[in-house]
Amino acid sequence: MKIPKPSTALPTKNSLNTHKPRREIATKFTKNMIKTEEFEFEHAPNGLVGSITLQPNQSLSWRAFKYFILFMMLVSFGIATAFSVMGYWVILPFTVLEMSVLSYCLWLCLRRTSMQEVISFSGEEIRLEAGVKTPTEIVTWQRFFTKIHVERAIHPWYRKTVSLVHRGESREIGNFLTQEEQEKLIETLNHLVRRADLAQRTFPSAEHHDADSKSPETG
């Protein structure tokens, strides 16, 4: 059973999701780092009961990044041009190198803060999508064999580790969250697991229904 991508788009252009569910019953935000959506069972696509979208704190937008780099280049190359007119032309190559390194470092930081992780829950599966703008990593696990593993920090200065573990395969989630946000993430994961259990009992999967209907009669 394949689960379509849920509608967990953040109010930015760097969203991983394009599908819009027919109806939502709850949406909760935590400073835009954690977004939680829950869906009514009868309106959920393919049994999807909820999803969590995680994104780092992004203090600089892509538009602001372009304006900042443009301003820095105008100032730097203006000064370098003035010195080159006076005969100090050697400053130009260093200005080009300086602006290149600055642009690359800022682009790298901004791209890292544009990363999203979308965790979707259904009665049968857990789906993890990660990437910038579009998913570059997609993992689908059977929910029955997937556990939420929390490794406590060895010191109060360090943060804990939250992972999804499926048959020995582990994937850390939300490694950019603060301790307070991690506690919220753990609480939300447990809540969606309970909703998925309820959905599985309320609306059994079509596969199980077909298997029951095809079972031979006894007597």
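Overview of values
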{"item": "Unmet requirement for Arg159, which otherwise passes all of (1) surrounded by 14 or more Cβ atoms within 10 Å (Cβ to Cβ); (2) modelled with pLDDT under 85; (3) farther than 16 Å from Glu181 by Cα", "result": "(3)"}
{"item": "Candidates Lys20, Lys5, Lys28 - the one that is modelled with pLDDT under 90, closer than 21 Å to Arg143 by Cα and either in contact with a Ser or Thr (Cβ under 8 Å, 6 or more places away or on another chain) or part of a helix (DSSP H, G or I) (or both)", "result": "Lys5"}
{"item": "Given (1) at positive phi; (2) surrounded by 13 or more Cβ atoms within 10 Å (Cβ to Cβ), index of the condition Leu110 fails", "result": "(1)"}
{"item": "Hits in region 169-190 (condition: in contact (Cβ under 8 Å) with a residue 60 or more places away in the chain, closer than 21 Å to Phe39 by Cβ and not in a loop (DSSP other than H, G, I, E, B))", "result": "Lys184, Leu185, Thr188, Leu189"}
{"item": "From the options Leu106, Leu97, residue that is farther than 27 Å from Arg201 by Cα, outside the structural domain of Gly50 (by TED's automatic domain parsing), of a type outside the set (Phe, Trp, Tyr) and touching a Phe, Trp or Tyr at 6+ places or on another chain (Cβ under 7 Å)", "result": "Leu106"}
{"item": "Residue within region 135-143 that is of a type outside the set (Lys, Arg), surrounded by 12 or more Cβ atoms within 10 Å (Cβ to Cβ) and touching a helix residue (DSSP H, G or I) at 6+ places or on another chain (Cβ under 9 Å) present", "result": "no"}
{"item": "Scan of region 48-72 for residues that are at pLDDT 90 or above, within 21 Å of Leu102 (Cα to Cα) and not charged (D, E, K, R), ordered by number", "result": "Ala64, Phe65, Tyr67, Phe68, Ile69, Leu70, Phe71, Met72"}
{"item": "Criterion: surrounded by 13 or more Cβ atoms within 10 Å (Cβ to Cβ), outside any strand (DSSP E or B) and not acidic (Asp, Glu) - qualifying residue of Ala80, Ala130, Ala64, Ala153", "result": "Ala80"}
{"item": "Tabulated pairs, region 134-145, first at pLDDT below 90, second of a type in the set (S, T, N, Q), C-beta under 6 angstrom, 6+ apart or interchain", "result": "none"}
{"item": "Conditions (1) modelled with pLDDT of 90 or more; (2) under 28 Å from the mean Cα position of the chain (by Cα); number of the one not met by Val75", "result": "(2)"}
{"item": "Residue that is nearest to Asn175 (Cα to Cα), among those in region 83-120 that are of a type in the set (S, T, N, Q) and in a helix (DSSP H, G or I)", "result": "Thr113"}
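The values are calculated or read from the model by the stated rules, or taken from the named source; none is laboratory data. Keep in mind the model is a prediction, meaning the values are calculated, not measured. No Cβ is skipped: glycine too gets one built from the backbone with ideal geometry, and neighbour counts run over all protein chains shown.
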